[in-house]
1. Pick out, from the stretch 77-121, the strands (runs of 3 or more DSSP E) lying fully within it that include 2 or more residues that are over 15 Å from residue 136 (Cα atoms) and not assigned by TED's automatic domain parsing to the domain that holds residue 154.
2. What's the number of the condition residue 132 fails, among (1) buried (at least 16 other Cβ atoms within 10 Å of the Cβ); (2) assigned by TED's automatic domain parsing to the domain that holds residue 83?
3. Consider only pairs whose beta carbons are under 8 Å apart and that are at least six residues apart or on different chains; among these, list those whose first residue lies in the stretch 190-207 and is in the same structural domain as residue 95 (by TED's automatic domain parsing) and surrounded by 13 or more Cβ atoms within 10 Å (Cβ to Cβ) and whose second residue is among the aliphatic types (A, V, I, L, M) and modelled with pLDDT of 95 or more.
4. Identify all residues within the stretch 26-39 that are farther than 11 Å from residue 62 by Cα and either part of a strand (DSSP E or B) or modelled with pLDDT of 95 or more (or both); write none if there are none.
5. Specify which of the listed residues (71, 20) is touching a residue at least 12 places away in the same chain (Cβ under 8 Å) and either hydroxyl-bearing (Ser, Thr, Tyr) or touching an Asp or Glu at 6+ places or on another chain (Cβ under 8 Å) (or both).
6. Of the residues that sit in the stretch 166-207 and are assigned to a loop (DSSP other than H, G, I, E, B) and aromatic (Phe, Trp, Tyr), which one is modelled with the highest pLDDT?
7. Would you check if residue 12 is within 17 Å of the chain's Cα centre (by Cα), in a loop (DSSP other than H, G, I, E, B), closer than 27 Å to residue 134 by Cβ and in contact (Cβ under 8 Å) with a residue 12 or more places away in the chain?
8. Which of the residues that make up the stretch 105-162 are in contact with a strand residue (DSSP E or B) (Cβ under 6 Å, 6 or more places away or on another chain), of a type in the set (S, T, N, Q) and closer than 17 Å to residue 92 by Cα?
Amino acid sequence: MQDGLADNTITSIYKDRDGFMWFGTNNGLSRYDGKLIKNFSSSPAYMYVSEIVEMSDRYLGVIAGNTLYCFARSLEKFIPIVHATDYSSVHVSHLLPIDNNSFWGLSGNKLYLYTQEEVKNEKGEVVQIKLKCEKQYKDLIDSGDNFCAMCYTDNHEMLCLVTQQGNLLLFQPESSEKSKKISLWKNKTWDATSVLYDKGVVWVSTI
């Protein structure tokens, strides 16, 4: 199977709701349907994919070089995704879906809440996705720290946010004053790569 991937270096793996396996590589996106592999890229240049997430039932969010790309699964192609205010690219390191129309995004030491809107041409074809920043949280952690992973708690009432300096932030969007910060490690050089909340326990993977 490796001979058919966009690149032999796999940087992320995701299984979607239809059972397809998606592989992020150093050179684009690959899909395996159980029989065949098909490769996709947003441009001729190398596309280093670091994260793949379902933004909605139609779109995959693909992060490459801290830039968000939108892949339409049914159309099998990338759709341009931009800020609604100035049509600039969207720079995030991680995203976490809320529903079909909104998601959380991390960038540096900031947390963003985005809503998305399809832009269609006269034929009814989706030609662009516009993102509106509904909320921005920029004082949750120290300016010298950065977010590097996030997940929901079991009831989706809180976000678990992990930082590069080893802090875990239990963030309640509806009551941010009730949020809690916990130091996981001090004077270490570990980098958190993912976080998972399961039955009251927070699991953090590091390198």
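The values are calculated or read from the model by the stated rules, or taken from the named source; none is laboratory data. Just so we're clear, the structure is a prediction, and the values are computed from it rather than from any experiment. We place every Cβ from the backbone using ideal geometry, glycine too, and count neighbours over all the protein chains shown.
1. The strands (runs of 3 or more DSSP E) meeting that bar are 77-79, 81-83, 94-99, 110-120.
2. All conditions are met except number (1).
3. Note: no pairs meet the criteria.
4. Selection gives 30, 31, 32, 37, 38, 39.
5. Only one candidate qualifies: 20.
6. Ranking the candidates gives 185 first.
7. When the stated conditions are applied, residue 12 does not pass them.
8. Within the stretch 105-162, 115, 116, 136 qualify.
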